[in-house]
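**Q** The structure is given below, and queries will be raised subsequently.
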Amino acid sequence: MTRCLVVYASKYGSTREVAQAIADGLGADLAAAGSYPDVRPYDLVVLGSPIYGGDYREAMIKFVRTKKSALSKRMIAAFITAAADWKIDPGLTGDEDELLFTQDEYAQGLAQMAGGETLSFKGFGGRLIPEDLDASDFEMLSWFYRWLMREPLRGFDLIDLPEASLWGTELREMVGIQEES
């Protein structure tokens, strides 16, 4: 029987919610990256992180570095959540910009950082509630929106839990896990 684990890093809870929906669709165990779960009993490890300031959460980076040897022997899938919804590089002029990464490219990078056989990767929108942000995140995201998005920072909810659950189901099919009767 194929065993699956979804490991996530989350600061404000959005990535945790997406990870739970993926785990539900996949029929996987769920663990926070900061708890450094043992990945050796699992065949597939799904990694999830939000993107802050153009990078993954530090807890995810530390988890991957610490577990790299074991992760490199597993099937890997990865997802990210982002405080914007971009599927193509928006560029500063509205054209594609090779200096910017799409959501899927960030997710692919996370999978590749882990090593192992990359099974799948996916970018998801996130949720942003400006009044919940700490001062550092508020300042960084305000700058990001003024510079890249050319608009002021405002709240939104781009989380699509049914889409996350569906991706979990697709991962289930990719690894050949049958529905339990």
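**Q** Every residue in region 128-153 that is in a loop (DSSP other than H, G, I, E, B) and open to solvent by less than 70 Å² (accessible area, probe 1.4 Å), please.
**A** Matches in region 128-153: ILE129, LEU133, ASP134, GLU151, LEU153.
**Q** Might you let me know whether region 159-166 holds any residue that is aliphatic (A, V, I, L, M), open to solvent by less than 70 Å² (accessible area, probe 1.4 Å), modelled with pLDDT of 95 or more and on the phi < 0 side of the Ramachandran plot?
**A** yes
**Q** On to the next question. Could you please tell me which pairs satisfy a Cβ distance under 6 Å, a separation of 6+ or placement on different chains, a first residue in region 1-24 that is open to solvent by 10 Å² or more (accessible area, probe 1.4 Å) and among the aromatic types (Phe, Trp, Tyr), and a second residue that is outside any loop (DSSP other than H, G, I, E, B) and at pLDDT 95 or above?
**A** Within 6 Å, the pairs are TYR8/THR15; TYR8/ARG16; TYR8/ALA19; TYR8/GLY48.
The values are calculated or read from the model by the stated rules, or taken from the named source; none is laboratory data. Everything numeric in this text was worked out from a predicted model, so none of it was measured. Glycine also receives a Cβ, built like all others from the backbone with ideal geometry; neighbour counts cover every protein chain displayed. For accessibility, only protein heavy atoms count, side chains too; no ligands or nucleic acids. Shrake-Rupley method; radii C 1.70, N 1.55, O 1.52, S 1.80 Å.
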